[in-house]
Amino acid sequence: MKRRILSVGFFILFSPLCLLSQQKSWTLEECIAYALQNNIQIKQQELMTQYQVSTLEQSKLNLLPTLNGSASHNYAFGRALDETTYEFTDNETVQSNSFYAGSNVTLFRGLVNYNTIQKNRYQVLASEQDLEKFKDDISLNIALGYLQILLNQELVTATEAQLELSRQQIERTRKMVEAGSLARGNLLDIEAQAAREELQLVNFQNQLTLSLLTLAQMLELQNTEEFNVAVPALTVKDTDIDADPSAIFAAAEKTRPEILSAEYQLKSAEYDLAIAKGYRSPHLSLGASVSTGYSNKRLKPVTDAPYPFGEQLNDNLSSGLGFSLNIPIFNGWQVNTGIKNSRISIENSKYALENTKKQLYKSIQQAYTDAGGSLKKFFASQKAVASMEEAYRYAEQKLEVGMVTAVEYNQSKTQLLNAQSEMAQAKYEYVFKTKVLDFYKGIPLTLEHITIIAR
């Protein structure tokens, strides 16, 4: 019976706080999918990507000719000019209409429009990768919060098992004290130990509740009180990580969104330089226009009969076609300054790309080192737990025959609980770090279909 109770501390069980059969138990995959769908910051980043797409579309539309029209109706009093005849009238009221439509298209501008399209295309690609990086960060934070809940559940379970053992020992000790085989001080020491374990259990339960609340808030859930997670089985195998940091980085460098985003930003900066250089070139454009007008004072030629509105518009119709060439000569050194600043931006983008790669490599190195250290710590803790368990059982037997004091018994029991806690922490740290490494290798985050393997 004692062996069965002690073994509970080595496995993940549902905490009584989470055994609500009517509640939905969220898996890690469900948590991540829900967060990616509902996280407000992700939605904001999606809007930024849509903004960049709109900017790209507009830069393409800028290649089309412009077309604008205007219409006006005017009253002139006293001495006024009739714009349809270019004659002055005296002491009369002249009503006139004018209509105009004009179009303009750029024929050549140093490829500024083309390079602007290319720049905006890379800005869209960079924004899409920024969105993916944001999703990755959210996913990793969700995974960390999820594993923290599993750890807290395991600590609660182990502490509950220890508290139950203390309560059983209290009953046995009380009977022995009443029988006169043990001093009453032993009973008081064990009752004090049970009180300390009960306080520790409350602390762990509070940590569990807080970790559940934190993850529920990360998911933007409205009802956080009934939130609960599914408890998978987790593997900790006695095997080396299948790739070193250099190999993981070599694969991650080609696929990680932060690297791709920095590369696209560099390409965008290079096209910015091409745009700046394009402003040195002449600007050649083609324009066309059509206009007409009407005046209520104008009469038909020869007959001096009233001139109908429709006929006037047709007879006054005029059109034009022309080319315009604008040659930049000196504009306050603005073009040269723009080119200089664009070159500086390129250098800055190169540094940003290099720094992003270095930060990624450092993160992989850190996760790899932490995973190896956690694995060693887990198996060392596993051995310590086995030893502490034997020592505890031995102390329990000696207590019952009066060979050790209750203080010594309590120390053995506390050491066992500490060893169990350290083993659980090492296990979840190892699982998280290995999942981070898998993530860098392009493997989706999942905790399904895994079983505990003892060493």
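Got a sec? Which of L150, L187, L131, L165 is under 26 Å from Q415 (Cβ atoms), in contact (Cβ under 8 Å) with a residue 40 or more places away in the chain and in contact with an Asp or Glu (Cβ under 9 Å, 6 or more places away or on another chain)?
Of L150, L187, L131, L165, the one residue that is under 26 Å from Q415 (Cβ atoms), in contact (Cβ under 8 Å) with a residue 40 or more places away in the chain and in contact with an Asp or Glu (Cβ under 9 Å, 6 or more places away or on another chain) is L165.
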| request: Just give me the residues in the stretch 419-442 being small (G, A, S) and assigned to a helix (DSSP H, G or I), in sequence order. | output: A419, S421, A424, A426
| query | Does any residue in the stretch 313-330 that is on the phi > 0 side of the Ramachandran plot and in contact (Cβ under 8 Å) with a residue 40 or more places away in the chain come within less than 6 Å, Cβ to Cβ, of a residue that is assigned to a strand (DSSP E or B) and loosely packed, with under 12 Cβ neighbours inside 10 Å six or more places away or on a different chain, and which pairs are these? | reply | none
| message | Under 7 Å between Cβ atoms, which residue pairs at least 6 apart in sequence (or on different chains) link something in the stretch 348-368 that is more than 17 Å from A269 (Cα to Cα) with a partner that is part of a helix (DSSP H, G or I) and hydroxyl-bearing (S, T, Y)? | response | I364/Y440
| task | State yes or no: is S289 among the small types (G, A, S), crowded, with 17+ Cβ neighbours inside 10 Å and either assigned to a loop (DSSP other than H, G, I, E, B) or within 58 Å of the chain's Cα centre (by Cα) (or both)? | result | no
| field | Hits in the stretch 395-418 (condition: closer than 15 Å to S181 by Cβ, assigned to a helix (DSSP H, G or I), out of contact with any Asp or Glu (no Cβ under 9 Å at 6 or more places or on another chain) and in contact (Cβ under 8 Å) with a residue 40 or more places away in the chain) | value | E400
| query | Got a sec? Which of E263, E197 is at pLDDT 90 or above, of a type in the set (D, E, K, R) and in a helix (DSSP H, G or I)? | reply | E263
| message | Among the residues of the stretch 61-75, are any free of Cβ contacts under 8 Å to residues at least 40 places away in the same chain and more than 30 Å from G322 (Cβ to Cβ)? | response | yes
| request: Find the residue count for the stretch 24-77, including only residues that are assigned to a helix (DSSP H, G or I) and basic (K, R). | output: 2
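Taking the residues in the stretch 256-277 that are within 10 Å of S349 (Cβ to Cβ) and not hydrophobic (A, V, I, L, M, F, W, C) as candidates, determine which candidate is surrounded by the most Cβ atoms within 10 Å (Cβ to Cβ).
The selected residue is Q265.
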| Residue identified as in contact with a strand residue (DSSP E or B) (Cβ under 6 Å, 6 or more places away or on another chain), within 29 Å of T159 (Cα to Cα) and modelled with pLDDT under 90 among A230, A183, A192 | A230
| task | All but one of (1) within 30 Å of L260 (Cα to Cα); (2) among the charged types (D, E, K, R); (3) not in a helix (DSSP H, G or I) hold for D130, so report the exception by its number. | result | (3)
| said: Only one of N223, N186 is outside any helix (DSSP H, G or I) and farther than 20 Å from A424 by Cα. Can you tell me which? | reply: N223
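The values are calculated or read from the model by the stated rules, or taken from the named source; none is laboratory data. Keep in mind that what you see is a predicted model, and the values were worked out from it rather than measured. Cβ atoms come from the backbone with ideal geometry, glycine included; neighbour counts cover every protein chain shown.
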